[in-house]
Amino acid sequence: MGIFIPMSVVLCLQGIRVTTSRSLNFELSLSDGSYTLGTRNTAFLKSSDTFFRADKTIYSLGDGSLKLTSQQLSTGSDAHGDYDVITNYYTAGNANVSTSFIIYQDVDVVVFNQTYHNGAKGTKASTFDQTISGFPSARVESYDTDLGYLSFDGFMAGDTKKHIGRWDSQTDAIGDGLKGGPLAVFDEQGRTFLLSTFSGFMASSAWHDADKGGAVFWGIMGGVDEVPANYTYSTIIYYAEGINKAFRGWGEFLQKQYGEKEWNTWEDSTLIFLGYWTDNGGYYYFHTEPNKTYEQTMTDFIKQEVTMAGLPIGYVQYDSWWYYTGTGNGIKTWDTRPDVFPDGLEYMFKTTNMPVALHSKYWSIDNTYAKQNGGKYDFIIDGIGALPLQAEFWEDLFNNASKWGMFMYEQDWLNGELDRVDKLKTDLFLGEQWLTQMHAAAAKQYNSIQYCMANPRHVMQALTLPWVTQARVSEDYHPGGDQWRIGVTSLFVGALGMRPSKDTFWTVRTQPGDPPGRTEPYSGLNAAVATLSMGPVGPSDRVGAVNVSLLMRCCGEYGHIYKPDRPISATDLQIKQF
């Protein structure tokens with residue numbers, strides 16, 4: 001095969017050197033396949049090994065078992081502009097694979113592709129959190145300049161275990177595996193390289209291979225044991241001078257690739273109007289007025305606070321107390337319990353004319369919808385978890401909920417579903433299918449979706465799902481806590497066009513009759529952060545205790561929430577000083 005050399009790529013004795021028209025430098029060694037990313041003659045990231053698992057064996061460049069068969073240089077263009085492509089073809093046992101560097105000329109972006117041309121079997125790693133392939137990679141070590149890093153990890157969009165620290169040979173905490181997310185590496189000047197998945201969001205991971213130092217590899221998640229022919233996974237590296245600027249530019253690039261959400265966020269009434277919430281931390285979370293049902297308690301709230309006091313509430317959120325639960329506290333039947341709403345949610349909607357946002361979570365293995373339990377829908381019942389497989393299930397679920405006045409579906413415990421259903425960790429396509437079917441049903445009803453307890457992979461997948469308009473970015477609210485500190489994770493979620501949600505809050509210091517005697521000294525701060533997040537603004541006070549004057553500083557006369565130009569986020573200086 002001949003090698004075509006584009007004009008923007010310089011071929012030298014050591015290998016290939018590319019400098020974009022902006023600031024990014026990329027160097028590739030033709031002899032050993034190593035590469036370096038930097039800016040203005042300063043190296044930031046140096047590659048480690050490249051490997052593929054196939055036939056129950058690891059094939060790598062490092063030990064010579066991954067065999068280079070040919071190389072090709074080419075050019076192309078897409079919606080982002082012109083680019084150069086450097087492709088290396090290899091054999092990994094019986095698998096024919098390739099790696100490609102796609103280097104854009106007018107934006108500081110490199111996309112890394114790995115392709116299985118004839119597929120591969122026997123690919124799974126030792127654990128779910130490892131990867132079956134490694135390209136690109138980055139050595140975790142000291143460089144010519146002092147570097148810091150930010151990585152997302154855990155749930156609530158990767159907020160719960162996010163890491164900020166020094167990037168050197170002693171670095172020991174990098175978000176990876178099934179719960180890891182984007183990684184930003186930056187210097188004291190804020191020059192930032194941002195790395196993340198670029199496709200296959202639910203089927204790919206990063207893997208940090210050492211307790212300290214070592215390297216980070218990007219590839220397909222470790223539980224996958226077979227890859228079909230012509231499957232390609234992609235990673236993106238985005239460079240900008242400024243941490244916030246890097247996240248915003250990265251998000252714009254991704255949204256240009258997968259579609260923007262701006263129209264959908266303006267169609268989501270929970271982002272437009274003041275609401276009322278009953279979730280964890282709220283006064284009415286698994287708690288009603290004495291000797292009253294939830295139906296009576298919520299009717300009283302609507303009459304007293306909305307009708308009589310004139311608070312411009314546009315909807316009410318009902319949390320996990322309203323439906324039937326089964327084994328493992330998962331959903332058994334997503335329908336109203338007669339002890340909670342004796343007359344049902346449809347009656348409640350018709351008599352109050354109040355739209356609702358409805359909570360949902362993972363499905364119990366004894367749910368009433370699965371054919372295995374006498375239901376009518378195909379489900380996976382996998383160990384301690386259950387997952388619907390039919391689009392019709394979601395369509396029927398959302399169609400029924402439309403009669404209840406639902407216009408926002410809160411999918412909580414996304415991490416719980418991933419933890420419980422092993423098939424989500426071994427199947428390349430199941431995770432995407434699950435979220436796509438849910439989204440398609442919501443879109444037919446013009447319902448928005450909030451992701452809660454999402455891992456970063458769920459948030460990244462939402463790029464393809466325009467009606468997923470918001471994601472929680474902090475742990476559950478508790479009066480007096482500091483879960484209003486959303487600035488770092490807001491940067492991640494906001495960059496992707498979604499609205500970060502800080503959760504509910506109290507508008508007064510204490511609630512009359514609150515049994516635990518809790519105190520909220522920062523009501524104004526909570527209200528301000530909720531407003532500036534561009535996410536939902538939803539208090540959760542007791543009937544008669546709402547601080548109406550505070551809430552009216554967040555919105556106009558008819559409950560329209562005031563909006564900044566973009567969601568509030570931590571400044572570069574704050575991140576560098578963590």
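The values are calculated or read from the model by the stated rules, or taken from the named source; none is laboratory data. Everything numeric here is computed off the predicted structure, so don't read it as measured data. We place every Cβ from the backbone using ideal geometry, glycine too, and count neighbours over all the protein chains shown. For the accessible areas, the whole protein counts, side chains as well, though only heavy atoms, and no ligand, DNA or RNA atoms are used. Shrake-Rupley method; radii C 1.70, N 1.55, O 1.52, S 1.80 Å.
Taking 0.36 nm per residue of separation and subtracting the current Cα-Cα distance, fully stretching the chain between GLN372 and ASP82 would add 99.2 nm. A Förster distance of 22 Å, applied to the separation of the beta-carbon atoms of LYS67 and SER126, puts the FRET efficiency at 0.40.
Where only DSSP H runs of four or more residues are counted, the chain gives -5500 deg cm²/dmol as its mean residue ellipticity at 222 nm, each run worth -39500 (n - 2.57).
To two decimal places, what compactness ratio does the range 336-387 give when its Cα radius of gyration is scaled by 2.2 N^0.38 Å?
For the range 336-387, the normalised Cα radius of gyration comes out at 1.50.
Surface composition of the chain: carbon plus sulfur atoms contribute 48% of the solvent-accessible area (1.4 Å probe, protein chains only, all chains present).
For ALA54, nonlocal amide neighbours, meaning residues 5 or more places apart or on other chains whose placed amide H falls under 5 Å from its own, are TYR59.
When only alpha carbons are used to place a centre, the range 189-251 and the range 441-513 end up 23 Å from one another. The peptide list 159-169, 193-203, put in order of mean Cβ contacts within 10 Å with the highest first, becomes 193-203, 159-169.
Backbone amide hydrogens, once placed in the peptide plane, bring THR504 within less than 5 Å of TYR477, excluding anything fewer than 5 places away on its chain.
If R0 is taken as 60 Å, the Cβ-Cβ distance between THR57 and ASN399 corresponds to a FRET efficiency of 0.75.
Relative contact order, whole percent, for the chain stands at 12, derived from Cα pairs under 8 Å and 6 or more residues apart. Shape class of the range 171-248 from the alpha-carbon gyration tensor: oblate, with a/c at 1.5 or above and b/c at least as large as a/b. Taking a ≥ b ≥ c as the square roots of the eigenvalues of the alpha-carbon gyration tensor, the range 267-322 is classed oblate because a/c is 1.5 or more while a/b is no larger than b/c.
Across the range 546-563, rounded Karplus estimates of 3J(HN,Hα) from the backbone phi angles (6.51 cos²θ - 1.76 cosθ + 1.60, θ = phi - 60°) give 5, 7, 5, 5, 5, 5, 6, 6, 8, 8, x, 4, 9, x, 6, 6, 5, 10 Hz, Gly and Pro being marked x. Just name one of GLN189, PHE286, ALA203: the one whose Cα is farthest towards the positive end of the charge dipole of the chain (beta-carbon charges, Lys/Arg +1, Asp/Glu -1). The Cα lying farthest towards the positive end belongs to GLN189.
Applying the Karplus relation 6.51 cos²θ - 1.76 cosθ + 1.60 with θ = phi - 60° to the range 454-466 yields 3J(HN,Hα) values of 7, 7, x, 5, 5, 5, 5, 4, 5, 4, 8, 10, x Hz, where x marks Gly and Pro.
Restricting the calculation to Cα atoms, every distinct pair contributes to the Kirkwood radius of the range 425-492, found to be 13.5 Å. Over the chain, accessible surface divided per residue gives 38 Å², non-protein components excluded, 1.4 Å probe. Karplus-derived 3J(HN,Hα) values for the range 328-333, using 6.51 cos²θ - 1.76 cosθ + 1.60 with θ = phi - 60°, are x, 6, x, 6, 8, 9 Hz; glycine and proline are entered as x.
Placing a label point 7 Å from the Cα of HIS560 along the Cα-to-Cβ direction, the residues of the range 234-267 whose backbone N falls under 19 Å of that point are 262-267.
Rounded, prolate or oblate for the range 231-272? Axes are the square roots of the Cα gyration tensor eigenvalues, ordered a ≥ b ≥ c, and the cut-off for rounded is a/c under 1.5. Because a/c hits 1.5 or more and a/b fails to exceed b/c, the range 231-272 counts as oblate. In the context of the full protein assembly, LEU30 retains an accessible surface of approximately 60 Å², using a probe radius of 1.4 Å and ignoring ligands and nucleic acids. Charged side chains reduced to their Cβ positions (Lys and Arg at +1, Asp and Glu at -1) give the chain a dipole of some 220 debye around its Cα centre. When you count the other C-beta atoms within 10 angstrom of each residue and take the mean per peptide, 83-92, 406-415 line up highest first as 406-415, 83-92. The mean of 1/r over all distinct Cα pairs in the chain, once inverted, gives the Kirkwood hydrodynamic radius of 25.1 Å.
The packing ranking of peptides 535-544, 439-448, 104-113, highest mean first, is 535-544, 104-113, 439-448, where packing means the average number of other beta carbon atoms within 10 angstrom of each residue. Backbone N atoms of the range 387-406 closer than 15 Å to the 7 Å Cα→Cβ label point of TYR347 belong to residues 404. Label zone (THR232, point 7 Å along Cα-to-C-beta; backbone nitrogen cut-off 15 Å) within the range 106-121: 110-119.
Remark: the range 403-547 projects, on average over all directions, an area of 10.3 nm² (convex hull of Cα atoms). Across q = 0.11, 0.14, 0.21 Å⁻¹, the range 42-171 modelled as identical point scatterers on its alpha-carbon atoms has Debye log10 I(q)/I(0) values of -0.54, -0.86, -1.22, in the order of the q list. In the range 324-455, a dipole from Cβ-located charges (positive for Lys and Arg, negative for Asp and Glu) runs towards its positive end, and of LEU424, TRP404, ALA454 it is TRP404 whose Cα lies farthest in that direction.
For the chain, the residue among THR265, SER77, ASN329 whose Cα projects farthest onto the positive side of the dipole built from Cβ charges is SER77.
Shape index of the range 504-578: Rg/Rh, with Rg the Cα radius of gyration and Rh the Kirkwood radius from the inverse mean 1/r over Cα pairs, equals 1.05. Near the amide H of GLN483, within less than 5 Å, lie the amide hydrogens of HIS478, all on another chain or at least 5 residues away, with H placed in the peptide plane.
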